[in-house]
Amino acid sequence: MSKQHNLEAKRIAGYAAAEQVQDGMVVGLGTGSTAQYAIQRVGERIQEERIAVTGIPTSYQSALRAREAGILVVDLPGVSSIDLTIDGADQIDARFNLIKGGGAAHTREKCVADASERILIVADATKVSECLTAPVPVEVVPYATVGVGRHIRALGGEPVIREAVRKDGPVITDNGNFVLDCAFGTINEPAALAARLNAIPGVLTCGLFTEYAEKITVLIGESEGCRTLTRR
Ligand SMILES: O=C[C@H](O)[C@H](O)[C@H](O)COP(=O)(O)O
């Protein structure tokens, strides 16, 4: 898939998800290039249809984009529940386990997912895979980085500290932490791995989302339109 086709697929998925937002909803706003299209389209619908939407951002990126789009933004502690969250993913398996955190936002994304009644995952077709195989982002308290790396190697992973692109040194998350990208090869038991990773002292959250399949709908953008994926 060319970069242009890929962006168009993301736009189609993001826009389709935004159409599911209804007047009066509290909506979780995901992070990343696909979720940004949904934010943009929700903003347009607020202008065009005069619907009332309260947006709950999952990152500074989504808070800023939502503000630009004219969406009223409230932080997560300001609401008791979220009607619908629209978010992207780095990989989606056949059972709707996810790998998230390519944008280092997975901790807040998981908090928002947890508070949500329904979750729309928007992606292009390259994100769909029978099993999870992509590196797992793990948010780590900087003080604990070396020890966490040792635990991850003992679990069979190969951790790499994520480097910033336009700054020397590590990526710093919105929570002030580092991210270790951890390659495990094919992940046969994602829930068990997530539990082990999340139990390491100094780990804030790993990017494996394994507990939300029941409330997830996956929308895949394609040149002919948007396809809803069936969970197996
Ligand atoms: O931390 C970032 C998020 O989990 C993103 O939703 C994920 O990385 C997908 O991003 P994109 O839509 O840009 O591929």
Net charge dipole size for region 136-206 [Lys, Arg +1 and Asp, Glu -1 on Cβ; Debye, nearest 20]
120 debye
Net charge contributed by nearby residues that have their C-beta within less than 15 Å of residue 125 (K/R +1, D/E -1):
-2
Express as a percent, rounded to the nearest 5, the fraction of DSSP beta bridges in the chain (both residues included) that run antiparallel.
50 percent
Provide the descending list of Cα extents for region 45-164 along its principal axes, expressed in whole angstroms.
54, 35, 27
Cα-based Rg / Dmax (Å) for region 177-232:
15.1, 47
Can you put 120, 98 in order, fewest other beta carbons within 10 Å first?
120, 98
Taking other Cβ within 10 Å of each residue's Cβ, how do 10, 3 sort, fewest first?
3, 10
Once every DSSP H run of n ≥ 4 in the chain is given -39500 (n - 2.57) and the sum is divided by its residues, what mean residue ellipticity at 222 nm do you get, rounded to the nearest 500 deg cm²/dmol?
-9500 deg cm²/dmol
Taking 7 Å along the Cα-to-C-beta vector as the label spot, tell me the residue 48-residue 158 distance in nanometres, rounded to one decimal.
4.7 nm
In whole percents, the bins of 10 Å from zero upward hold the Cα-Cα pairs of region 60-103 as 20, 42, 31, 6
Please list, by residue number, every one of the trypsin sites (Lys or Arg not before Pro) in region 156-217 that is coil in DSSP and has at most 16 other beta-carbon atoms within 10 Å.
166, 167
Lys pairs in the chain with Cα under 24 Å (8 or more apart in sequence, or on separate chains) total 13
List the residues of region 26-59 whose backbone N lies under 13 Å from a point placed 7 Å from the Cα of residue 1 along the Cα-to-Cβ direction.
33-35
Against the rule of thumb 2.2 N^0.38 Å, how large the Cα Rg of the chain comes out
0.99
May I ask you to compute the full-extension gain from residue 60 to residue 167, defined as 0.36 nm times their residue separation minus their alpha-carbon distance, rounded to one decimal in nm?
36.7 nm
Could you order the peptides 129-140, 183-194, 71-82 from most to least packed, using the average number of other C-beta atoms within 10 Å per residue?
129-140, 183-194, 71-82
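We did not get these values from a lab; they are worked out from the coordinates using the rules stated. Keep in mind that this is a model prediction, so the values were computed, not measured. Note that we place each Cβ from the backbone using ideal geometry, even for glycine, and neighbour counts take in every protein chain shown.
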